[in-house]
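*Asks:* Mind looking over this structure? Questions follow.
The values are calculated or read from the model by the stated rules, or taken from the named source; none is laboratory data. Here the structure is a predicted model, which means the values were calculated and not measured. Quick reminder, even Gly has a Cβ in these numbers, built from the backbone with ideal geometry, and neighbours come from all protein chains shown. Heavy atoms of the whole protein, side chains included, go into the accessibility calculation; ligands, DNA and RNA do not. Shrake-Rupley method; radii C 1.70, N 1.55, O 1.52, S 1.80 Å.
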Amino acid sequence: MKTNSIKFSAYYVLCYALAFIVYISLSLYMTELGYSPLLLATMLSVTSGLLLLFRFVTPKLIDGGSCHKAMAVSTVMSLLGAAVFFLIPGISPAKAVCYTVLGIGGYQIQMGLTDSWVMKTMETDPEMDYGKVRSFGSIAYAVTAVVYGWALNRFGLGIAFWSILILEILQFGVTVTIPDDRRQGADVGHRNIWGAVLRKPSFFLFVLCYLLPSSIYALMDNYMPVLILERGGTSFHAGLSSFVMASIEFVFLMFYTKVANRIGTRNTLVLGMIGYFFKAVIISLMPTPTAIIAACVTQMISFCLFIPSVVRYIQETNAPEEAASAYSLLQVIDSVFSTIVANPAAGVLKEKLGTGWMLSLFGILSAVSGVAFWLLTRNGIPGTHGRQDPQRQVSS
C-alpha cells in the first residue's frame with residue numbers, strides 16, 4: 001500500500017473504533033444508566049440534526065484545506081462531552097444532551113470528513129482503492145466491538161472516557177499527517193454545484209431510492225444493541241454481533257471492486273438495498289442473542305454491497321470536481337430525512353410494535369426502494385446515455 005492509503009487506513013481504523021465507543025454505544029450507555037427510551041430516541045434525532053448541520057459545512061472544510069483545523073476542534077468537543085457525561089456523577093437529561101451535542105457531535109465531524117477527504121485525495125492519487133482502505137475501518141470496528149463489549153461487561157462504564165481519550169489523541173496524530181491541500185477552484189459556491197447536481201436525473205432518482213435503505217442501515221446500528229438486550233443479552237453480546245458484522249465487512253470489502261466491476265455498480269447497489277430487507281427481517285425473527293449474532297452473516301448481502309456502491313455511484317455519475325460536493329449533498333438530504341422522518345417514525349413504531357417489527361418494516365421499504373431503482377434504471381441510468389460509468393474508467 002502506498003503512503004496515502006496507509007494513512008487513510010489508519011484514519012479509518014481509529015475513526016471506526018471511536019464509532020462503536022462514542023456513537024453506537026449510546027443506546028447501551030443510556031439503557032444501562034436508566035434513561036428512558038423516549039429520551040434515547042430524542043437524542044438519536046438530535047444526532048441526525050447535528051449531522052445535518054455539519055454536512056453543510058463539510059464541503060467548505062474539504063475544498064478549503066481546513067480538515068486539520070476541523071479535526072483539532074472536533075477532538076476537543078468530543079473529549080469535553082465525554083468528560084461531562086462519564087466523569088460527573090448522576091444521570092440527567094442535561095448530561096445526555098451535552099454528550100450528544102459535544103461528544104457525538106465532535107465525532108460526527110471526524111467521521112463526516114472521511115469519505116469526502118478520500119474522494120478529494122483520489123483526484124490526485126487515483127490508485128487508492130476505496131473498498132480496501134474502508135475495509136480496515138471494518139476490522140477495527142470488529143475488534144473494538146468485541147473487546148470493548150467484553151471490557152464494559154467486566155469493568156463497567158468507568159473505562160469509557162479513558163478509551164475515548166486515548167483513541168481521539170491517536171486519531172488526531174494520524175490525521176495531521178494526511179494531505180489537506182486547498183482544492184483548485186474551491187472558491188466556486190457549493191450552492192451552485194449542488195444546484196447543478198440536483199438537476200441531474202441520475203442524482204435525483206438515486207436520492208429518492210437511497211433514503212429508505214440508508215435509514216435501515218442507520219437504524220440497524222442504533223437499535224440492534226437494544227434488540228439484543230430485549231432478547232436477554234448483554235453488552236458483550238452486542239459487541240460480539242458488531243465484531244461478526246465488521247469482520248465480514250473486512251473480508252468482503254477487499255473484493256468489492258472486483259465484484260462491482262463484474263456485475264456493475266447499479267446491480268450491486270440494488271442487491272444491497274434488497275439485502276437490507278433480508279438482514280432486518282431475519283435478525284428481528286431471532287429469539288436469542290446467540291441467534292441474532294449468527295444472523296449477522298447477512299451483513300455480506302447488505303452493507304458490503306450497499307455502502308461502497310453509494311460512493312462508487314456518485315463518482316461514476318458526476319465529474320471528478322463535482323463528486324465530493326454531490327456526496328456531501330446526498331448526506332445533507334439523508335440527514336434531513338433522518339431527522340424529520342426516519343428517527344421520529346422509528347421511535348413511535350418501536351413503542352407501538354416493538355424493536356423487531358419496527359426494523360422489519362423499514363427493511364421492507366428498503367427492498368421496495370431497491371426494486372424501484374432497478375425498474376427505473378433498467379434501460380440505463382437517466383442522463384448518462386445508458387452508460388453506467390460515464391465519467392471515468394474503473395480500474396479492476
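*Asks:* Out of the residues in the stretch 334-351 that are within 19 Å of S27 (Cα to Cα) and without any contact (Cβ under 8 Å) to a residue 24 or more places away in the chain, which is surrounded by the fewest Cβ atoms within 10 Å (Cβ to Cβ)?
*Replies:* Among those that are within 19 Å of S27 (Cα to Cα) and without any contact (Cβ under 8 Å) to a residue 24 or more places away in the chain, it is V348.
Conditions tested, residue by residue: (1) at positive phi; (2) of a type outside the set (S, T, N, Q); (3) modelled with pLDDT under 85.
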position: Y148; (1), (2), (3): no, yes, no
position: N153; (1), (2), (3): no, no, yes
position: I164; (1), (2), (3): no, yes, no
position: R182; (1), (2), (3): no, yes, yes
position: R191; (1), (2), (3): no, yes, yes
position: V197; (1), (2), (3): no, yes, yes
position: Y210; (1), (2), (3): no, yes, no
position: G232; (1), (2), (3): yes, yes, no
position: V244; (1), (2), (3): no, yes, no
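*Asks:* List every residue pair whose Cβ atoms sit under 9 Å apart, with the two residues 6 or more apart in sequence or on different chains, where the first one lies in the stretch 147-166 and is hydroxyl-bearing (S, T, Y) and the second, anywhere, is modelled with pLDDT of 90 or more and surrounded by fewer than 17 Cβ atoms within 10 Å (Cβ to Cβ).
*Replies:* Once the first residue is hydroxyl-bearing (S, T, Y) and sits in the stretch 147-166, its partners that are modelled with pLDDT of 90 or more and surrounded by fewer than 17 Cβ atoms within 10 Å (Cβ to Cβ) give Y148/I159.
*Asks:* Would you check which residues across the stretch 280-325 are of a type in the set (V, I, T), surrounded by fewer than 23 Cβ atoms within 10 Å (Cβ to Cβ) and either touching a Cys at 6+ places or on another chain (Cβ under 6 Å) or outside any helix (DSSP H, G or I) (or both) and list them?
*Replies:* Matches in the stretch 280-325: T288 only.
*Asks:* Hey, another quick one. Step by step: first the residues of the stretch 352-381, then only those that are hydrophobic (A, V, I, L, M, F, W, C) and either in contact with a Ser or Thr (Cβ under 9 Å, 6 or more places away or on another chain) or without any contact (Cβ under 8 Å) to a residue 12 or more places away in the chain (or both), then the one that is surrounded by the fewest Cβ atoms within 10 Å (Cβ to Cβ). Which residue is that?
*Replies:* The residue in question is L375.
*Asks:* Next question, about the same structure. For the stretch 296-312, how many residues are modelled with pLDDT of 90 or more and within 14 Å of S202 (Cα to Cα)?
*Replies:* Of the residues in the stretch 296-312, 1 are modelled with pLDDT of 90 or more and within 14 Å of S202 (Cα to Cα).
*Asks:* Taking helices (runs of 4 or more DSSP H) that do not extend beyond the stretch 103-176, which have at least 1 residues that are under 23 Å from F56 (Cβ atoms) and acidic (D, E)?
*Replies:* Output list reads 105-122.
*Asks:* Condition first: aliphatic (A, V, I, L, M) and surrounded by fewer than 18 Cβ atoms within 10 Å (Cβ to Cβ). Now tell me which residues in the stretch 64-78 satisfy that. Step through it out loud before you land on a result.
*Replies:* Step one: list which residues in the stretch 64-78 are aliphatic (A, V, I, L, M), which gives 70-73, 76-77.
Of everything in the stretch 64-78, those that are aliphatic (A, V, I, L, M) and surrounded by fewer than 18 Cβ atoms within 10 Å (Cβ to Cβ) turn out to be A72, V73, V76.
Per-residue answers, yes or no, for (1) open to solvent by 40 Å² or more (accessible area, probe 1.4 Å); (2) in a helix (DSSP H, G or I); (3) farther than 24 Å from A145 by Cβ; (4) touching a helix residue (DSSP H, G or I) at 6+ places or on another chain (Cβ under 6 Å):
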residue: S27; (1), (2), (3), (4): no, yes, no, yes
residue: L40; (1), (2), (3), (4): no, yes, no, yes
residue: G49; (1), (2), (3), (4): no, yes, yes, yes
residue: V57; (1), (2), (3), (4): yes, yes, yes, no
residue: I62; (1), (2), (3), (4): no, yes, yes, yes
